[in-house]
Amino acid sequence: MAAVVPWLFWFSGAIVALVTLRRGLSPALPVLVAAVVPAGWWWIQGDAIPLASVLLVTLMAVVLRARMRWSEALLAGMLAAAAMIQFGIFVPAGGAGLLLEQLRQSSAEIDRMLTELARQGFDTEQLATLVIGGVTGLMVSLAAIGCLALARAWQAGLYNPGGFREEFHALRLAPRELLLLILLGVVGMTLGLLSLSMLAWLPLLVAGIALVHGFIGIKGMNGLWLIAFYALLITTWPMILIVLLAAFIDVFVDFRGRLASRGN
């Protein structure tokens, strides 16, 4: 029912992820099918986001259940989302040409900008396809991560109170995982698989957010600090870069481990 209602697909995905985390993929198949059928109907109507989000969060839940590492689940989700972008899953029916024409007609400024890009030798339709696919793929990835976090929080609330907080606060990329992300980004730029380069930073960003949560938790700081942090993260690019840099350094320094040892 949640998958039928517009923009409630996240609730449907979280339910599928909860059952998958608790019981495994095979027992969760009836619930997955119940979510995929209405989400598939939305796909036929031209909206691929619900179906892609449900399938992506299910994949991440399977990996998290099997490996018990958030970082590996995030890597699996990133690769799957990049593949969706590369295969054009999120491009509107008829391609990006129709959308570009509508934008030209709606704004003279956009029309001049697109004309100038074309004059400089850029393929505006290919560029629009990449932007539309990349932005939509990023939205789907963030929605799937949010659904997985919600499902894990539900699972912890039912069977292991406080477990999700402890697990998320400890999320940290291993050096080999960071190296893999860098390698994927370089390969994406070299081979023209730009979807890899567009999403390779996402697991590092989530690790940085977990670092901030862990730091505030260890220090026993007021929850208002988290509200301020998310407000800055959503509204300012420099904050995103700071979080990425902090997560990168944390791979080698382990800030939370050092703070916890000092507290003991």
Virtual spin-label span in nm between T115 and A170, 7 Å along Cα→Cβ: 6.1
Most mobile of P161, P203, P38 in a GNM of the chain (Cα contacts under 10 Å): P161
C-alpha long axis of helix 202-219 to longest principal axis of the chain, angle in °: 30
Inter-part distance where region 230-264 and region 49-74 are each reduced to a Cα centre, Å: 24
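Based on the Kirkwood radius over alpha-carbon pairs, what value in µm²/s does the Stokes-Einstein equation return for the translational diffusion coefficient of region 110-249 at 37 °C and 0.692 mPa s?
Details: Rh = 17.5 Å.
In µm²/s, the coefficient rounds to 187.
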Global geometry of region 17-97, whether rounded, prolate or oblate, following the gyration tensor of its Cα atoms and the 1.5 cut on a/c: oblate
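Quick check: with the 1.4 Å probe, what order do L226, L232 take by accessible area, largest first? Display every interim value, and only then the final one.
Values: L226 40, L232 80 Å².
In descending accessible area the options line up as L232, L226.
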Net charge contributed by nearby residues that have their C-beta within less than 10 Å of A174 (K/R +1, D/E -1): +1
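Once you list every other residue whose beta carbon is under 15 Å from the beta carbon of Y159, what net charge do they have if Lys and Arg are +1 and Asp and Glu are -1?
Local net charge: +3.
Pairs of alpha-carbon atoms within less than 8 angstrom and 6+ residues apart define the contacts here; what relative contact order does the chain have, in percent?
Numbers: 286 pairs, mean separation 48.3, N = 264.
Worked out over the chain, it gives 18 percent.
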Cα gyration tensor shape of region 180-220, rounded if a/c is under 1.5, else prolate or oblate by comparing a/b with b/c: prolate
Dipole magnitude of region 120-257 about its Cα centre (Cβ charges: Lys, Arg +1; Asp, Glu -1), debye to nearest 20: 380
Rounded accessible area of W154 (nearest 10 Å², 1.4 Å probe): 80
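In whole percent, what relative contact order does region 190-251 give with Cα contacts below 8 Å and a gap of six or more residues? Don't skip to the answer; put the middle values down first.
Numbers: 22 pairs, mean separation 29.1, N = 62.
Relative contact order of region 190-251: 47 percent.
The values are calculated or read from the model by the stated rules, or taken from the named source; none is laboratory data. Fair warning: this is a prediction, and the values are worked out from it, not measured in the lab. Heads up, the Cβs are rebuilt from the backbone with ideal geometry, glycines too, and the neighbour counts pull from every protein chain shown. These accessible areas exclude ligands, DNA and RNA; they are computed on the full protein's heavy atoms, side chains included. Shrake-Rupley method; radii C 1.70, N 1.55, O 1.52, S 1.80 Å.
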